[in-house]
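Below is one structure, written out as structure tokens; comments come after it.
What follows draws every value from the coordinates through simple rules; no lab data is involved. Nothing here was measured: the structure is a model prediction, and the numbers come from that model.
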Amino acid sequence: MRAIVLAAAFVLMSACGNHDGPPEIAVAPAHGVRDPVCGMMVDPKHSPKSDFKGKTYYFCSREDKQRFDKAPAQFLQ
Ligand SMILES: [Zn+2]
């Protein structure tokens with residue numbers, strides 16, 4: 001589902017190439033952080049998180065947090 005949304009956003013960005021100004025949808029929140037599992041920007045205030053090696057990582061969903069918790073190093077290259 002999220003992959004579809006991301007793909008749609010990408011298509012929208014490409015399609016807007018001839019218009020003035022950046023498409024609003026591509027602007028990440030200023031306070032956003034990157035979900036290391038899927039790469040999307042998430043709001044740390046409302047996201048599941050995990051601590052690993054002294055750093056805190058935030059996720060778009062509990063599913064991504066669980067994937068990270070199983071093999072953190074896999075997502076931090
Ligand atoms: Zn995610």
By how many nm would the segment from SER61 to LYS49 lengthen if fully extended, with 0.36 nm per residue of separation less the alpha-carbon distance?
3.4 nm
Each residue of segment 61-77 in turn: what ³J(HN,Hα) in whole Hz from Karplus with 6.51, -1.76, 1.60 and θ = phi - 60°, glycine and Pro shown as x?
7, 5, 4, 5, 4, 5, 5, 5, 4, 6, 8, x, 4, 4, 9, 10, 9
